[in-house]
Amino acid sequence: MCQGWRYLVFASPRRLQLRLYYSNYTNRKPVTENMRCWPPSLPITIWYLPLSPNDEGNFFAILEHRDRICEINLAMTRVLFQRSTALRQGPFLALEQLRLRSLDLVYMPLILPTTFLGPSVPRLRDIQLVGVAFPALPHSFCLLGTWSLFSLLISQVPTHSQ
């Protein structure tokens, strides 16, 4: 791509809906190497279905860029969720979509802490929680500061927590 077009394309990534896409099937290169060639304004989409221990290093490296993460779609175990402190404590100022599925529906359900996503997610418009307990949910929307929420889906909520 010529330098002029490259500048034009990367000057407005949100308007053009450009995103860096990280998943189980893409970007086998370490994230730290991969991020060097992209402009820091490019939003990031994360899709790990499921998030496995093999993907942990890249996943944690992506979370270091949480100011650019606009979409999270994860299926993960409670153990991996507990190890990902950056995911549990935010903030995610660019986040627009959150889809989180628990892989441990019966024995160790995924429980979101009150600090989940941090103090503010102003762009969040779509939340889907499947097999996830979020005890702070009724009170958290005031804390999240998300007035643009358009869609909320909560299903298979665990009835007990351990």
Query raised in the report: Applying 1/(1 + (r/R0)^6) with R0 = 25 Å to the Cβ-Cβ distance of GLU64 and ASN24, what FRET efficiency is obtained, to the nearest 0.05?
Result: 0.85
Query raised in the report: Which of the following values of volume of the Cα convex hull per residue in Å³ was calculated from the structure shown: (i) 122; (ii) 100; (iii) 111?
Result: (iii)
Query raised in the report: Which is farthest toward the positive dipole end of region 1-108 among GLN82, CYS37, TRP47, measuring Cα position about the Cα centre, with Cβ charges +1 (Lys, Arg) and -1 (Asp, Glu)?
Result: CYS37
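Go ahead and estimate [θ] at 222 nm for the chain from helices alone: -39,500 (n - 2.57) per DSSP H run with n ≥ 4, summed, over the residue count, rounded to 500. Mind showing how you got there, number by number?
Values: 6 runs with 40 residues, N = 162.
The helix contribution divided over the chain gives -6000 deg cm²/dmol.
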Query raised in the report: Which residues in region 67-94 place their backbone N less than 15 Å from a point set 7 Å from the Cα of ARG123 along the Cα-to-Cβ direction?
Result: 67-73, 91-94
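For the chain, what's the relative contact order in percent, using C-alpha pairs closer than 8 Å and at least 6 residues apart?
Details: 311 pairs, mean separation 26.1, N = 162.
Averaging sequence separation for qualifying contacts and normalising by length gives 16 percent for the chain.
If you count only protein heavy atoms with a 1.4 Å probe, what accessible area per residue comes out for region 33-123, rounded to a whole Å²? Working shown, then result.
Working: 3930 Å² over 91 residues.
Accessible area per residue, region 33-123: 43 Å².
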Query raised in the report: With charges set only on the Cβ (+1 for Lys and Arg, -1 for Asp and Glu), what does the dipole of the chain come to about its Cα centre, in debye to the nearest 20?
Result: 340 debye
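The values are calculated or read from the model by the stated rules, or taken from the named source; none is laboratory data. What you see is a predicted model; the values in this text were computed from it and never measured. Every residue, glycine as well, gets a Cβ built from its backbone with ideal geometry; the counts of neighbours run over all protein chains shown. When the accessible area is computed, the model is the full protein with side chains, heavy atoms only, and any ligands, DNA or RNA have been set aside. Shrake-Rupley method; radii C 1.70, N 1.55, O 1.52, S 1.80 Å.
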